[in-house]
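Chemist: Below is one structure. I have some questions about it.
The values are calculated or read from the model by the stated rules, or taken from the named source; none is laboratory data. As the structure is a prediction and not an experimental result, all values here were calculated from the model. Neighbour counts run over all protein chains shown; Cβ positions are idealised from the backbone, glycine included.
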Amino acid sequence: MKLIRMFLISAVVLFLVLTFVFALFPPDIRVSRVIEIYAGTAKTDSIINELKTWERWNQFVSDSQVTGRHFSNPSSGKGAYLQTNQFRVIITGSYGDSLSTAWSKTGARPFTGTFLLVPTQQGRSAVQWYFDFHIRWYPWQKLGAMFYDKQLGPVMEKSLNNLKMYVEKIP
């Protein structure tokens with residue numbers, strides 16, 4: 001009986017300590033990647049804003065495990081969406097120098113994604129792509145959020161490299 005009581009007290013204390021430690025982590029997390037493209041912002045924006053082109057460069061969309069792709073008509077501009085069996089992406093804002101999206105995945109909390117286009121030098125532009133996540137106070141959610149960059153970052157980098165190659169090929 002004494003051993004069980006000690007185990008229960010230890011478990012509660014451990015949970016409280018972990019909750020306190022993870023409470024120090026920020027509730028909002030941003031995963032971001034940037035690439036420079038040898039094309040103007042208008043050309044790059046026209047490709048990013050057209051969801052049907054995402055199959056050619058975006059690894060989240062072109063993944064072989066993604067099934068049931070359906071695009072809205074029109075497939076660009078505010079309100080356009082891409083629906084798959086795994087997730088849904090909606091363009092929530094298109095401003096010429098940025099594109100905002102809302103992502104929802106089955107069984108997960110929704111999050112936002114944004115593309116920022118910044119002219120750098122003559123005929124070049126930088127594309128920053130980031131995802132913003134709002135994490136609840138639960139210790140297991142905060143712990144899991146520590147790995148978002150490792151999970152999403154490489155896919156975002158590959159997608160941006162594909163975007164660069166795709167945009168630079170178009171005359």
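Chemist: When the stretch 85-114 is examined, which residues are found to be part of a loop (DSSP other than H, G, I, E, B) and either under 13 Å from Glu50 (Cα atoms) or of a type in the set (Gly, Ala, Ser) (or both)?
Modeler: The answer is Gly96, Gly107, Ala108.
Chemist: Output the residue which, of all residues in the stretch 51-84 that are of a type in the set (Gly, Ala, Ser) and outside any loop (DSSP other than H, G, I, E, B), is modelled with the lowest pLDDT.
Modeler: In this case the residue turns out to be Ser62.
Chemist: Which ones in the stretch 29-50 are part of a strand (DSSP E or B) and among the small types (Gly, Ala, Ser)?
Modeler: Matches in the stretch 29-50: Ser32 only.
Chemist: May I pose another question? Look through the stretch 100-152, keep the residues that are aromatic (Phe, Trp, Tyr) and modelled with pLDDT under 90, and return whichever of them is surrounded by the most Cβ atoms within 10 Å (Cβ to Cβ).
Modeler: Among residues in the stretch 100-152 that are aromatic (Phe, Trp, Tyr) and modelled with pLDDT under 90, the one surrounded by the most Cβ atoms within 10 Å (Cβ to Cβ) is Phe133.
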